[in-house]
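**Q** Pasting a structure below so you can have a look.
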Amino acid sequence: MKKLTNTAEMREIDRVTVEEIGIPETILMEHAGLAIVDAIRSRYPDLTNLKVSVFAGKGNNGGDGSVAARLLRNLGANPTLFLLAKRDELKGDARLNADIFVSIGGALKEITQPRHLGNFKLKFMHSTVVVDALLGTGLKSEPQGLYGDIVDLMNKYGEYKVAVDIPTGINADNGSIFGKHFVADVTACLGARKLGLCMSPAREAAGSVRFYDISIPGQVVDDSPCATWLIEDDDIRGLMPGRPADGHKGVFGHLALACGSSGMGGAAALAGMGALRIGAGLVTACLPQGLAQAFEVGCKEVMTVSLDSTEAGSIAATSADRFIEFARDKTAILIGPGL
């Protein structure tokens, strides 16, 4: 199982990593930028002259975008960093990485007024890749004003859309959508898995979610008091009993089904086939008389017992004793599908 973090839990994981473990935010941000580049290269292995528009906010999410823009430029791409603030308003590592990008000759455009959207439209409307590094996990309401306008433009342009950590406009805590939101082809989930990305409708907006280690120690995540876990295939496999190499249908249990009625034979068939699919050795469906023959033709792996039926085509009460006697020595009993 994997831990799923909400906003407060992720914030505490970041705090412990930086303040108690001593890993600088600069290192985390650098690895986040590498993750964004990897998400882009999963679609475009050759970055040469690839036009990328990175839309960055004032916080650490925007700083991740600045790092990605620098790395993309170093790898031969043609990125433009659209900053939704004045550069001198940035603080800490977000400012540091924006300054570095400019220092190496990167194109940074400040968008602080609606008219700037028109000024730069030709620049980002021809971009192949659009990166959403606006707000990250802390958003608690629908993007408003200039941010809302930018979300509309990010959705309109670019053939490949990348969200940094979580798409703008998505609630990281419960997967709800505030209203206007970014629709990604891929989301680079950073550091720890976000609860909201595993829930609808957010997961439809997130596209393919790729998880990236950004140097947060695994022990910090393991020790965090997260309340939600993601169950994976391997977890389920571990719960399944072993099956001996010389095993046969007689040693894997016998399920008795009381199921079916006129017009609802499909529910009985699905239950029987599902039981066989998950490993039952034998399955017998106890059905109303009118369904048994058709059932044997359409669901060959499931055995049948024909029970008395009512005029409406359901199992008659007079069959109760017969079913109880039949089921007495069976491994498991299921009553209900299609009744």
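Only the coordinates and a few stated rules stand behind these numbers; no lab work does. Not measured: the values here are computed from a predicted model. Positions of Cβ are backbone-derived with ideal geometry, glycine not excepted, and every protein chain shown enters the neighbour counts.
**Q** Taking neighbour Cβ counts within 10 Å as the exposure measure, how do T112, T7 sort from fewest upward?
**A** Sorted ascending by nearby Cβ count, the order is T112, T7.
**Q** Here's a follow-up. When only alpha-carbon atoms count, how far does region 2-235 stretch along each of its three principal axes, as whole angstroms with the largest first?
**A** Here the spans come out as 50, 36, 34 Å, largest first.
**Q** To the nearest 500 deg cm²/dmol, what mean residue ellipticity at 222 nm is calculated for the chain from DSSP H runs of n ≥ 4 alone, each contributing -39,500 (n - 2.57), summed and divided by the residues?
**A** On the way: 12 runs with 126 residues, N = 339.
Helix contribution divided over all residues of the chain: -11000 deg cm²/dmol.
**Q** Counting only residues 5 or more places away or on other chains, whose amide H sits under 5 Å from the amide H of I111 once H atoms are built in the peptide plane?
**A** L83, L84, A85
**Q** Taking θ = phi - 60°, what integer Hz values does the Karplus form 6.51 cos²θ - 1.76 cosθ + 1.60 yield along region 273-279, in sequence order, with x for Gly and Pro?
**A** 5, x, 4, 5, 5, 8, x
**Q** If I stretch the segment between S42 and M240 completely, what's the gain in nm (0.36 nm per residue apart, minus their alpha carbon distance), one decimal? Let's see the in-between values first.
**A** Working: separation 198, 0.36 × 198 = 71.28 nm, distance 3.49 nm.
Between S42 and M240, full extension yields 67.8 nm more.
**Q** What's the longest uninterrupted piece of the chain once you rule out the trypsin sites (Lys or Arg not before Pro) that are loop residues per DSSP with at most 12 other Cβ within 10 Å? All intermediate terms of the calculation are to be shown ahead of the outcome.
**A** Working: sites that count: K86, K91, K140, K300, R328.
Free of exposed loop sites, the longest segment is 141-299.
**Q** Run the quick spin-label model on N49 and D233: label points 7 Å from Cα toward the beta carbon, then report their separation in nm to one decimal.
**A** For the pair N49/D233, the computed spacing is 4.1 nm.
**Q** Let a ≥ b ≥ c be the square roots of the eigenvalues of the Cα gyration tensor of region 4-58; is it rounded (a/c under 1.5), or, if not, prolate (a/b larger than b/c) or oblate?
**A** Values: a/c = 2.54, a/b = 2.25, b/c = 1.13.
Note, shape of region 4-58 comes out prolate.
**Q** May I ask for the angle, rounded to the nearest 10°, between helix 114-125 and the longest principal axis of the chain, with both axes built from Cα atoms and the value confined to 0 to 90°?
**A** Once rounded, the angle reads 70 degrees.
**Q** Measuring from label point to label point, each 7 Å out along Cα→Cβ, what is the E301 to K91 span in nm?
**A** 6.1 nm
**Q** Only bridges whose two residues both fall in region 150-309 count here: according to DSSP, what percent of them are antiparallel, nearest 5?
**A** Values: 1 of 19 bridges.
Roughly 5 percent of the DSSP beta bridges within region 150-309 come out antiparallel.
**Q** Can you list residues whose amide H is under 5 Å from A258's amide H, if they're 5+ apart or on another chain and H is modeled 1.01 Å from N?
**A** Result for A258 returns C286, L334, I335, G336.
**Q** Using a 10 angstrom Cβ neighbour count of at most 13 plus a DSSP loop assignment to flag exposed GluC sites (Glu not before Pro), which longest range of the chain is free of such sites? If you can, show how the numbers build up before the last one.
**A** Working: sites that count: E159, E232, E301, E311.
After excluding every exposed loop site, the longest remaining stretch is 1-158.
**Q** Which of V283, V67 has the fewest other C-beta atoms within 10 Å, and how do the rest follow up to the most?
**A** Working: V283 25, V67 28.
With the fewest neighbours first, V283, V67 line up as V283, V67.
**Q** Can you compute 3J(HN,Hα) from phi for each residue in region 18-26, using the Karplus curve 6.51 cos²θ - 1.76 cosθ + 1.60 with θ = phi - 60°, rounded to whole Hz and x for Gly and Pro?
**A** 3J(HN,Hα) across region 18-26, in whole Hz: 7, 7, 9, 7, x, 7, x, 4, 4.
**Q** Related question: Take A107 and A267, extend 7 Å from each Cα along the Cα→Cβ direction, and tell me the distance between the two endpoints in nm.
**A** About 6.2 nm, to one decimal.
**Q** Rounded if a/c is under 1.5, else prolate if a/b is larger than b/c, else oblate: which is region 242-303, with a ≥ b ≥ c the root eigenvalues of its Cα gyration tensor? Walk me through the numbers on the way to the answer.
**A** Numbers: a/c = 2.71, a/b = 2.51, b/c = 1.08.
Cα axes put region 242-303 in the prolate bin.
**Q** By DSSP, what percent of the beta bridges with both residues in region 2-235 are antiparallel, rounded to the nearest 5? Before the final figure, lay out each step's value.
**A** Values: 4 of 33 bridges.
Just about 10 percent of them are antiparallel.
**Q** Across all directions of projection, what mean area in square nanometres is found for the Cα convex hull of region 61-168?
**A** Values: hull surface 26.3 nm².
Mean orientational projected area (region 61-168, Cα hull): 6.6 nm².
**Q** Of all the C-alpha pairs in region 206-329, what % are more than 17 Å from each other? Display every interim value, and only then the final one.
**A** Values: 5233 of 7626 pairs.
Cα-Cα pairs in region 206-329 separated by more than 17 Å: 69 percent.
**Q** Determine, from the Cβ-Cβ distance of N174 and R15 and an R0 of 22 Å, the FRET efficiency 1/(1 + (r/R0)^6), rounded to the nearest 0.05. Walk me through the intermediate numbers first.
**A** Details: r = 22 Å, r/R0 = 1.01.
After rounding, the FRET efficiency stands at 0.50.
**Q** On to the next question. With θ taken as phi - 60° and the coefficients 6.51, -1.76 and 1.60, list the Karplus ³J(HN,Hα) couplings across region 234-242 in order, rounded to whole Hz; mark glycine and proline as x.
**A** 5, 5, 5, 4, x, 8, 6, x, x
**Q** Something else now. Find the centroid of the Cα atoms in region 20-77 and in region 219-246, then give the distance between the two in whole Å.
**A** Comparing the Cα centres of region 20-77 and region 219-246, I get a distance of 32 Å.
**Q** Ok, one more. Using 1/(1 + (r/R0)^6) with R0 = 30 angstrom and r between the beta carbons of L75 and Y157, what's the FRET efficiency to the nearest 0.05?
**A** Working: r = 22 Å, r/R0 = 0.73.
FRET efficiency, L75 to Y157: 0.85.
**Q** Binned at 5 Å from 0, what are the whole-percent values of the Cα-Cα distance distribution for region 1-127, short to long?
**A** The calculated distribution, bin by bin, is 2, 11, 19, 20, 19, 13, 9, 5, 1, 0.
**Q** Hey, another quick one. Once you have the Cα-Cα distance between D213 and L339, take 0.36 nm times their residue separation minus that, and quote the gain in nm to one decimal. The partial results should precede the final answer.
**A** Working: separation 126, 0.36 × 126 = 45.36 nm, distance 4.99 nm.
Taking D213 through L339 to full extension adds about 40.4 nm, to one decimal.
**Q** Also, I was wondering about something else. So what is the orientation-averaged projected area of region 128-244, using the convex hull of its C-alpha atoms, in nm²? Numbers along the way, then the final one.
**A** On the way: hull surface 38.7 nm².
For the Cα atoms of region 128-244, the hull's average projected area reads 9.7 nm².
**Q** Sequence-distant or interchain residues sharing an amide H contact under 5 Å with T304, placed H: which?
**A** For T304, the qualifying residues are A285.
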